[in-house]
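One structure is given below, encoded as structure tokens.
No value in this document is a laboratory result; all are computed from the given coordinates. All figures in this text were calculated on a predicted structure; none of them were measured in a lab. Neighbour counts are summed over all protein chains in view; Cβ atoms, including those assigned to glycine, are modelled from backbone coordinates with ideal geometry.
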Amino acid sequence: MSAKGKPSIVIAGGGTAGWMAAAALARFASATHDITLVESEAIGTVGVGEATIPQIHNFNHALGLDEAAFVSATQASFKLGIEFAGWSGDGSAYMHAFGPVGRAHGPLPFQHYWLRAADEGDAGSLAEYSLNEQAARAGKFRRGPSRSGGAAMPYAYHFDAALYAAHLREYAEARGVTRVEGRIDSVAKHGESGHIRALHLDGGTQVVGDFFIDCTGFRALLIGEAMGTDFDAWDALLPCDRAIAAPCAKAGAITPYTRATARPAGWQWRIPLQHRTGNGHVFCSQHMGEDEATQLLLDNLDGEPTADPRTIRFQTGKRREHWRGNCLALGLAAGFMEPLESTSIHLVQSAIARFLPLLPGAVPAQAAIDRFNADADTEWLAIRDFLVLHYRANAREGEPFWDAMRGLALPDTLTSKIALWQQTGTIHRAGDELFAEVGWLQVLAGQGVMARAHNPIADAMPKEDLARFLAQQKQAIAADLATMPTHEAAIADLTARHNPS
Ligand code: FAD
């Protein structure tokens, strides 16, 4: 208990994960808990992580952040999806765009009508039925519905994760979170329970607490080193283990989508922000050396680099338990998958959302710990399957890394999902799995994994009606696009509300 008689929560680490946790606890638990965050400026943060998914709105809304202030403070741009370039060979490209692709009809999702039309030879590509993809490719974006009734477009952000953490720090400190600067030297535990008692900092300061949140990044000082929680490595399925990051100057208009371009032993990200473009090359060190990977990245930037290239080493996988005793791990301390679908910051937010309803008083309940860990497993495994699909279904023949990825032994969950799609045209979304059917649809079709059948109900629609059904959708998208502002105009419009001149 703190001096004020409240249970105390100590957050170790002040990267994106630490300050997201601090901000959420400040918002919802500052009346009942004492909250302290310890971080070390000398150690710094991982310094990458700039693309998000639309669920980030739930987090920002829960905190009550003003969108214009947030977009200005974090140099954010809007993100409508991710383009995957070269995954089926150089020159190929498809998009996993947010939002609907085509309209459902009767009991069937759109893809059954699209598959039937494809069989009959006149479907066009899936992209033609996605407003988000068409807008992304045209460099356009609109917040909210259009005046003529066009639906609001789901979107996420590209932002500077360090600026986001700083924005949340301001929020959290203003609501009573105490920040302690210092390097954690060791972690003291209670003898009998094995629970953490205190963090010992260089210089002799002790930070005592009832509950600890490990946000120390890949070091995992609390959940790993102190609590001894095992790490389940996933490198057999997701073998990339290095990233070289190099921001560059902005060149041309800010595109409203992330790009993930396949390279001979991995892939390259391009994330456009207002003030610069984030770039990185994720690769497998068994197939490429760091010097070659760095050169490949530098040869493929669209502006002058604005900082020296930096290497980040990682291993994919997760802690077997994200919560053990009085210690919860968030962010990179909990584990890491590829940044391929921009899920890491989301995993911090969803863990916080699951933790708050289970928030312990002075002593955590084992039932709460078990519930949390089981849900974390389900969530992480489903995302892992989705990422593995991108690699497994590649068509880059003749490159050893990609040839090996096509031979991956798939988890049963993924095998059955692909089989259902191929045999029936149906995509099954388990429970509250993060990625919806429409996300799987775009990646499966985009990577050339096609269904061989569709639901027979789709055959009941007369051929002319099907043609009209499809044409109307394309026309509605074209009409909406014609009146849509450019992405840059949409950013300027929003940020002007924060800084009216
Ligand atoms: P860190 O940023 O590493 O922060 C760790 C904190 O702990 C720091 O404050 C540090 O000072 C502190 N600390 C560590 N040791 C000590 C100590 N001994 N004493 C005191 N303090 C200590 N996520 C996305 O959502 N989208 C992306 O596009 C994306 N891209 C990524 C690309 C790569 C290559 C990588 C590696 C990650 C990416 N991520 C992405 C993940 C994202 O960067 C992280 O999930 C997110 O920033 C959270 O990091 P963190 O706070 O857990 O760790």
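Descriptive notes on the structure:
- Cβ-Cβ FRET estimate between SER30 and HIS105, R0 fixed at 56 Å, reported to 0.05: 0.70
- Extension gain for ASN499 to HIS428 (0.36 nm times residue separation, less C-alpha to C-alpha distance): 21.0 nm.
- Two-site FRET efficiency, ALA236 against ARG371, from Cβ-Cβ distance with R₀ of 30 Å, rounded to 0.05: 0.55
- Subtracting the Cα-Cα distance of THR483 and ARG219 from their residue separation scaled by 0.36 nm leaves 90.1 nm.
- Shown in residue order for the stretch 179-196 are the 3J(HN,Hα) couplings computed by the Karplus curve 6.51 cos²θ - 1.76 cosθ + 1.60 at θ = phi - 60°: 9, 10, 8, x, 8, 6, 9, 7, 10, 9, 10, 6, x, 6, 7, x, 6, 6 Hz (x for Gly and Pro).
- Taking other Cβ atoms within 10 Å as a rough exposure proxy, ILE56, ILE11 sort from fewest to most as ILE56, ILE11.
- Computed from the C-beta positions of ALA188 and ALA249, the FRET efficiency with R₀ = 60 Å rounds to 0.80.
- Residues of type aspartates and glutamates that LYS474 reaches as a straight line, Cα spacing below 17 Å, ignoring anything fewer than 8 places off in the same chain: ASP122, GLU128, GLU133, GLU464, ASP465
- Binning the alpha carbon pair distances of the stretch 1-41 at 5 angstrom intervals from zero yields the distribution 6, 26, 30, 21, 13, 4, 0, expressed in whole percent.
- Summed over qualifying helices (DSSP H, 4 residues or more, each -39500 (n - 2.57)) and divided by its residue number, the chain shows a 222 nm mean residue ellipticity of -10500 deg cm²/dmol.
- The fewest-to-most ranking of SER350, SER344 by surrounding Cβ atoms within 10 Å reads SER350, SER344.
- Shape summary of the stretch 274-366, radius of gyration then Dmax from alpha carbon positions: 18.3, 55 Å.
- Qualifying trypsin sites (Lys or Arg not before Pro) for the stretch 419-494 [loop in DSSP, other Cβ within 10 Å: at most 14]: ARG452
- Which listed pairs, of LYS79/LYS318; LYS79/LYS250; LYS140/LYS250, have C-alpha distances above 22 Å, in listed order: LYS79/LYS318
- Cross-link reach list, lysines versus LYS4, counting only Cα pairs under 26 Å and skipping chain neighbours closer than eight places: LYS189
- For the stretch 238-295 versus the stretch 158-215, the gap between their alpha-carbon centres in whole angstrom: 31
- Computed over the chain, Kirkwood Rh from alpha-carbon pairs, angstrom: 24.0
- In order along the stretch 267-277, the Karplus-derived 3J(HN,Hα) couplings, from 6.51 cos²θ - 1.76 cosθ + 1.60 at θ = phi - 60°, round to 7, 10, 9, 9, 10, x, 9, 5, 9, 6, 10 Hz, and Gly and Pro are given as x.
- Close amide H partners of SER88, meaning residues 5 or more places away or on another chain with modelled amide H under 5 Å apart, are ALA395.
- On full extension, the segment bounded by ASP308 and MET450 gains 46.9 nm, given 0.36 nm per residue less the C-alpha separation.
- The modelled label-to-label distance for the pair GLU181/GLU290, using points 7 Å beyond Cα in the direction of Cβ, is 3.0 nm.
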